Amino acid sequence: MIYYNTKNDTQNTFFIKIRTNAVNFVNNFLISKMNNKKIIQIIALVTCVALIITCFVPWVHYNSIDTTFTGFNVTKFSTGVYYGKAGKIITWLAGISFVLTLLPILALKRINMFVCAVLVAYCMRTYVLFTGSLFDGEVVKLSGIYLINVLSIVLVVCSVFPNLKESK
């Protein structure tokens, strides 16, 4: 029990009632109406879309050639190396994961875990490939290169908890 020794005892009681009502709303409506696996499925779908959008965000900037790379900025260098194809593969894997997240079949959920694991591995490879340099300060890491890794890890965590219809 909370006791107040102030003149504004009614005001404090009012704020406690508002807080209690807000907590009851969250407990009764949000948690009981939607099960946790449905929330995780929604998070996975939003993460897939965010991962595809992140492929268009700048990933790194190379100071030596004054070029900023995104997932779709395909550039061929004189050595025959193409940069910018990583966004295509990440987009395909995120799209496959999006579709597999929606379908309520157990075998497809297991395939989704494999696809998400491949996606995490590819995003880590992309991070190492794009940020590796011989000299300090040559590569400026931008927000996109961090986001693809974080979002892919969130996606693999969400794929571990599939939303399946329970049979009675």
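The values are calculated or read from the model by the stated rules, or taken from the named source; none is laboratory data. Quantities reported herein were computed from a predicted structural model and do not represent experimental measurements. Heads up, the Cβs are rebuilt from the backbone with ideal geometry, glycines too, and the neighbour counts pull from every protein chain shown.
At-a-glance table
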quantity: Some residue of region 136-159 being of a type in the set (Phe, Trp, Tyr) and either touching a Leu at 6+ places or on another chain (Cβ under 8 Å) or in contact (Cβ under 8 Å) with a residue 60 or more places away in the chain (or both); calculated: no
quantity: Criterion: hydroxyl-bearing (Ser, Thr, Tyr), in contact with a Pro (Cβ under 7 Å, 6 or more places away or on another chain) and at pLDDT 85 or above - qualifying residue of Thr101, Thr68; calculated: Thr68
quantity: Residue that is nearest to Leu164 (Cα to Cα), among those in region 106-134 that are in contact with a Ser or Thr (Cβ under 6 Å, 6 or more places away or on another chain) and among the aliphatic types (A, V, I, L, M); calculated: Met113
quantity: Every residue from region 134-168 that is loosely packed, with under 14 Cβ neighbours inside 10 Å, polar (S, T, N, Q) and in a loop (DSSP other than H, G, I, E, B); calculated: Ser167
